[in-house]
1. Which numbered condition in (1) surrounded by fewer than 19 Cβ atoms within 10 Å (Cβ to Cβ); (2) in contact (Cβ under 8 Å) with a residue 40 or more places away in the chain is the only one that SER104 fails?
2. Identify the single condition in (1) out of contact with any Leu (no Cβ under 7 Å at 6 or more places or on another chain); (2) in a strand (DSSP E or B) that TYR115 does not satisfy, given that it satisfies every other one.
3. How many residues, within the range 1-50, are over 28 Å from ALA140 (Cα atoms), among the charged types (D, E, K, R) and crowded, with 16+ Cβ neighbours inside 10 Å?
4. For the range 56-99, what are the residues that are farther than 20 Å from PRO205 by Cβ, within 11 Å of the ligand (Cβ to nearest atom) and surrounded by fewer than 22 Cβ atoms within 10 Å (Cβ to Cβ)?
5. Only residues that are within 22 Å of the chain's Cα centre (by Cα) and without any contact (Cβ under 8 Å) to a residue 12 or more places away in the chain: list them for the range 198-222, please.
6. Inspect the range 38-48 for any residue being polar (S, T, N, Q), more than 10 Å from the ligand (Cβ to nearest atom), in contact with a helix residue (DSSP H, G or I) (Cβ under 7 Å, 6 or more places away or on another chain) and not in a strand (DSSP E or B) and give the result as yes or no.
7. Are any residues in the range 234-258 touching a helix residue (DSSP H, G or I) at 6+ places or on another chain (Cβ under 8 Å) and either buried (at least 19 other Cβ atoms within 10 Å of the Cβ) or within 15 Å of SER295 (Cα to Cα) (or both), and if so, which ones?
8. Of the conditions (1) of a type in the set (Lys, Arg); (2) assigned to a helix (DSSP H, G or I); (3) more than 10 Å from the ligand (Cβ to nearest atom), LYS109 satisfies every one except a single condition; which number is it?
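The values are calculated or read from the model by the stated rules, or taken from the named source; none is laboratory data. As the structure is a prediction and not an experimental result, all values here were calculated from the model. Cβ sites come from the backbone with ideal geometry, for glycine too, and all protein chains shown count toward neighbours.
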Amino acid sequence: MIDLNRFDQVYVHQSQFPEKVYQDYLESFQTKKINHKFHYDSVKQSQKWLKLHQAYSPAKNSDAVVLTYSQCFQKVSTIAANDLSIEVIGLGCGGGDKDRELLSFLENKSKALTYYPLDVSLSLALISAHKAKRLLPEIAVWPVVCDLLSADDLISNFSANQGESHKIITFFGMIPNFLPTEILPILSNFLTAGDTLLMSANLAPGKDYLGGIEQVLPQYDNELTRDWLMTILLDAGINPADGEIKFEIQGDSTISGLDLKRINASFQVRKSIHWTLDGRSVEWQEGDQVQLFFSYRYTSNRLQAVLQQYRLNILDYWEDDNQEEGVYLIAKI
Ligand SMILES: C[S@@+](CC[C@H](N)C(=O)[O-])C[C@H]1O[C@@H](n2cnc3c(N)ncnc32)[C@H](O)[C@@H]1O
């Protein structure tokens, strides 16, 4: 007989079943575009990411940024004051600290509170679940492992459980790492009228957009980030001497009429590499740039313009004085 006190139940969506993950993995190497979900996959990677997040994230290091989150959560707790049942769905929950803080604002003995920490990484979904349970042992916590980019059916799965609950979806620190044209249709589809979406974005500080991005570049171009991003390549058998990681600021034209930029990290191949992954030939030539990671830097106006195209409306927002990070309260139009 299984002692349930020693086990956690985790829901794994089919988007993260091993065959699918392995196909995505092979494709990443063949197309020279590493799907960023593979930077969080293993325990080693998630621990490296948590360490660099601790070192560089304004949400960890700036009291002013922490305050913006608290102000948002205070407002949400007012909006949800009369709800009898709330479901918090943490999309890309990471280490779960922001979701946990939100839960502490929502917790109230007369409410039924359920938390779904959802992440592509099992390790991070469990870390978030455990933190929430330690803080609020009485709430229901159901960790979910899922690749949001391959989970169009996710909404129907949650709706089936939802009943009369107020759905509060968090999407903290996520929007910068996805192509807006890929993730926003999925996110918009996930929401129905009456749901609350909370999002945060890394911003470009100040009035000079490009100058602001240059100012935050050292938060990315540093040894902890290089070490984290190299892990997938080293694990695949690539030698550090085969190339180097370069960071640059790139323009993006996927949203027409909007000057949107991102910080991009690529592996610049110095020495041609040819190897076989599961019978598939992978060839990287000298001079190739292998896409590793990007982070869009928004301003609140730019974010509003992008979201509107997907029927998502910012109802309220909070920025810290240095404009490093913005937190947004959003509803579906
Ligand atoms: C920048 S972190 C943000 C974490 C957390 N929300 C926070 O604000 O601290 C990005 C998170 O998204 C997760 N992630 C990346 N790609 C994903 C995908 N395709 N589907 C679901 N989660 C993903 C990563 O594992 C990681 O936890």
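1. (2)
2. The number of the failed condition is (1).
3. Adding up the residues that qualify gives 3.
4. GLY95, ASP97
5. Answer for the range 198-222, where residues must be within 22 Å of the chain's Cα centre (by Cα) and without any contact (Cβ under 8 Å) to a residue 12 or more places away in the chain: just PRO218.
6. The answer is no; no qualifying residue exists.
7. Listed by number, the residues that qualify are ILE245, PHE247, ILE249, THR254.
8. (2)
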